[in-house]
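Okay, structure first, notes after.
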């Protein structure tokens, strides 16, 4: 649960910055890997913003955790390739240390799930009980 809450906080903050800020994806679109480089920047901005906001909310309650982990892994990978890769392994100058940490933290959620304190677990238990 702690891992989910930490990641939720980080993605929520990033999503809010995008939601209240200006679209700066035009400045880096040339760095986006294919197929994201062919998606209009307005669509990329909306997908990125709402993936972070909805993903953060879902992580908090542990709903669709594996789905949102995959979505956020894709988002972080694109951000790493297009923004952070050229700045080295550091945090201070926008390097790739934080994206790498986010990827590593998302992997247990993808492979092991959200844990018992989650809606996913409650839904699974309810489904198993209804099967009997």
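The values are calculated or read from the model by the stated rules, or taken from the named source; none is laboratory data. What you are looking at is a predicted structure, and each value in this text was computed from that prediction instead of being measured. FYI the Cβ positions are ideal-geometry reconstructions off the backbone, even for glycines, and counts take in every protein chain you see.
Key figures for this structure:
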{"quantity": "Qualifying residues in region 108-122 (those that are assigned to a helix (DSSP H, G or I) and in contact (Cβ under 8 Å) with a residue 24 or more places away in the chain) - the one farthest from the chain's Cα centre (by Cα)", "calculated": "121"}
{"quantity": "Hits in region 23-38 (condition: out of contact with any helix residue (DSSP H, G or I) (no Cβ under 9 Å at 6 or more places or on another chain) and in a helix (DSSP H, G or I))", "calculated": "27, 38"}
{"quantity": "Residue within region 65-76 that is at pLDDT below 95 and more than 14 Å from residue 8 (Cα to Cα) present", "calculated": "no"}
{"quantity": "Complete set of residues in region 52-70 that are in a helix (DSSP H, G or I) and surrounded by 19 or more Cβ atoms within 10 Å (Cβ to Cβ)", "calculated": "52, 55, 56, 58, 59, 65, 68, 69"}
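Per-residue answers, yes or no, for (1) out of contact with any helix residue (DSSP H, G or I) (no Cβ under 7 Å at 6 or more places or on another chain); (2) farther than 16 Å from residue 72 by Cβ:
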residue: 15; (1), (2): no, no
residue: 21; (1), (2): yes, yes
residue: 40; (1), (2): yes, yes
residue: 57; (1), (2): yes, no
